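What follows is a set of notes on a single structure, which appears directly below.
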Amino acid sequence: MRPHTKSAAAFAEARRFIPGGVNSPVRAFRGVGGEPFFVERAEGAHIWDVDGNELIDYVGTWGPAILGHAPRVVRDAITDAASRGVSFGIPNPYEIEMARTICAWVPSIEKVRMVNSGTEATMSCIRLARGFTGRDLIVKFEGCYHGHVDALLVKAGSGALTHGQPDSAGVPAALAELTITLPFNDVTALRSLFMARGSQIAAVIVEPVPANAGLYLPREGFLEVLRQQCSQYGAVLIFDEVMTGFRLARGGYQERCGISPDLTALGKVIGGGLPVGAFGGSAEIMDQLSPDGPVYQAGTLSGNPLAMSAGLAQLREMDRVNGWARLEELGAEFENGVRFALKKAGRDYVFQRIGSMFCLYFTSGEIWNLADAQRSDKAAFARYFHACLEAGIYFAPSQFEAGFLSLAHTPADLAQTAAAATTALIA
Ligand code: KE4
């Protein structure tokens, strides 16, 4: 590994003009110490930093790079679309194609609206649910992260958790009071809340597979009870599939678990790396949106032709090669490598995975919620992170993030990773 001379200079320069030197906090390496490297270029499962170091990438720009970085089909689609215009702000055929595809692949979505980030998608779902029900209360789960929406920055995960700001400054108490948080996987707490305040609840928003406090899974029956309680009390059930959508299955996690939410928030993969989010659900709810309905929601760049083309190219390629089956195989191979490393190193750390998403918790025992995840030894994780980085493996720079595989990861990548992980875990 060459010294990060140019990265250090770049970071010093960035800090002069950008808060914390980053445009998103989790990139600042505060969860692992040290300074972030700056990327020069990325292709396939590899990235090169400005000092010429080559890394195998398990962050994949936090989920969008499901085919690997800069796939040919996406680059060609962007170039082709750009030859006819970069942005219109006018209805265009790409938007119909994207909407048709999302509605075809996700049966719970009868109508969908494009936005420019996952945050916009969840924010719009919250406002729409409140407008549709005429109620104010929102329920979320500790450790889940739904973007930096005021109403949802309450006991949030991801960077908010990493930086110890799960309840951000700047969110008025009056607003935070309208958001109730529950422990994930706690059916008793869920039923009690609905019993007490069910008629006031506008919506429950949940990451069906929480992946912003590492990665933990729903217990058998938990999501089913959530679905039943929302239906019984007339609350809107929102699945935040910004991360899991079009990654865990063609129809997202809801296809795997067989539960239909009322609204779904999407992002990441559907942009092919460009800024895209989306939200959709039953026509009955979606038709409450302006211009047909009273709930306002808008966006200058929503349905941008480049972003639509890039996202469509990525989705079509995944469908053409049935990428989801391959991701399952890659995930299993990757897990074998990690379990080999843990055994070799004599560590009983907790590795959790679903499809191409994973997390290695530096603790033992079971991880079913945020409190379990916070048992992790963050210092040990930080040492592991840096040891792997030195060996050319880039994992997410926080214990409270998930890792991602792509179709571009090769058996050689996985073997190199297992070897580096073994050495790092022994150390
Ligand atoms: P964006 O606004 O960052 O596009 O999406 C917000 C969001 C919403 N819902 C879920 C389930 C998410 O995971 C996210 C964003 N994920 C983080 C990574 N854990 C983005 C990385 C970052 O904040 O820089």
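The values are calculated or read from the model by the stated rules, or taken from the named source; none is laboratory data. As the structure is a prediction and not an experimental result, all values here were calculated from the model. FYI the Cβ positions are ideal-geometry reconstructions off the backbone, even for glycines, and counts take in every protein chain you see. The accessibility values were calculated without ligands, DNA or RNA, using every heavy atom of the protein model including side chains. Shrake-Rupley method; radii C 1.70, N 1.55, O 1.52, S 1.80 Å.
Things worth noting here:
- Each of 42, 119, 68 was placed along the dipole of segment 38-139 (beta-carbon charges, centred on the mean Cα), and the one lying farthest toward the positive end is 119.
- Of all accessible heavy-atom area on segment 277-371, the percent that carbon and sulfur account for (1.4 Å): 50 percent
- In loop segments of segment 60-102 as defined by DSSP, the trypsin sites (Lys or Arg not before Pro) with at most 15 further C-beta atoms inside 10 Å of their C-beta are 84.
- Rounded to 5, the percent of DSSP beta bridges in segment 72-320 classed as antiparallel: 40 percent
- The GluC sites (Glu not before Pro) of segment 131-235 that DSSP puts in a loop, and whose beta carbon has at most 15 other beta carbons within 10 Å, are 177, 220.
- Loop-resident GluC sites (Glu not before Pro) (DSSP state other than H, G, I, E or B) in segment 321-425 with no more than 16 further Cβ atoms inside 10 Å of their Cβ: 366.
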